[in-house]
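The values are calculated or read from the model by the stated rules, or taken from the named source; none is laboratory data. It should be emphasised that the depicted structure is a prediction, and the values quoted were computed from it without experimental measurement. Using ideal geometry, Cβ is built from the backbone for each residue, glycine included, and neighbour counts are taken over all protein chains shown.
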Amino acid sequence: MTGTPLRIDRAAPADLDAVAALHAEARATYCRGHLPDAAFEGPEELDRSRTGWGAAIDAGRVLAARDATTGELLGIAAYGERDGVMHLSQLHVAPVRWRGGVGTALHAACAEAWRAAGVRRARLEVYERNTRAQAFYAARGWLPDPDGPRSGDHLVLRLTLAPGPTAE
């Protein structure tokens, strides 16, 4: 599935069902066997997920990667400022699209948006057993956060961004 032309834009409220479904599928794929199914499946988890994603979409904090031809949702990324620090809170790609460039494109779009906003550092938490995601982030420059490298069963990573072009 490599080479699919992508379009990245802001997710809209009409995308909520597709966003929640993609999130649930991706989490089930990497959590199954490591966490109880209730942690990523079932009506309570779906309601919690929809509430969180709905708020993030309404706040304009969700980027959506789509097939440029069909409009199919292929990946999502949510980010926002917390305690004065930019956090990448979610980045999910439809499992059938893993290793096809969707995550890379979403990550690049996030970094571009952060640079445009003057952000110099970002943080994220990645599930300690999700070694695939850890490798993805490491390849993009994320390192253990020396100020707090763990949060429960998650590793905390930090990315230092090179400054973007300055307008004069």
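Inside segment 37-116, counting only strands (runs of 3 or more DSSP E) that do not spill past its ends, which hold 3 or more residues that are closer than 26 Å to Gly148 by Cβ?
73-82, 85-93
Residue-by-condition table, conditions (1) farther than 21 Å from Val19 by Cβ; (2) modelled with pLDDT of 95 or more; (3) surrounded by 13 or more Cβ atoms within 10 Å (Cβ to Cβ); (4) small (Gly, Ala, Ser):
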{"site": "Val93", "(1), (2), (3), (4)": "no, no, yes, no"}
{"site": "His107", "(1), (2), (3), (4)": "no, yes, yes, no"}
{"site": "Gly118", "(1), (2), (3), (4)": "yes, no, no, yes"}
{"site": "Gly152", "(1), (2), (3), (4)": "yes, no, no, yes"}
{"site": "Leu155", "(1), (2), (3), (4)": "yes, no, yes, no"}
{"site": "Leu159", "(1), (2), (3), (4)": "yes, no, yes, no"}
{"site": "Thr166", "(1), (2), (3), (4)": "yes, no, no, no"}
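Give segment 90-132 a look and list any residue that's closer than 25 Å to Ala68 by Cα and of a type in the set (S, T, N, Q), or say none.
Gln90, Thr104
Restricting attention to segment 133-146, does a residue exist that is touching a Lys or Arg at 6+ places or on another chain (Cβ under 9 Å), assigned to a helix (DSSP H, G or I), hydrophobic (A, V, I, L, M, F, W, C) and closer than 28 Å to Ala68 by Cβ?
no
Quick one: Arg97 ticks every box in (1) surrounded by 18 or more Cβ atoms within 10 Å (Cβ to Cβ); (2) more than 14 Å from the chain's Cα centre (by Cα); (3) farther than 28 Å from Pro13 by Cα except a single one, so which number is it?
(3)
Filter segment 1-23 down to residues that are part of a helix (DSSP H, G or I), closer than 15 Å to Trp98 by Cα and either at pLDDT 85 or above or among the hydroxyl-bearing types (Ser, Thr, Tyr) (or both), then give me how many there are.
Here the count works out to 1.
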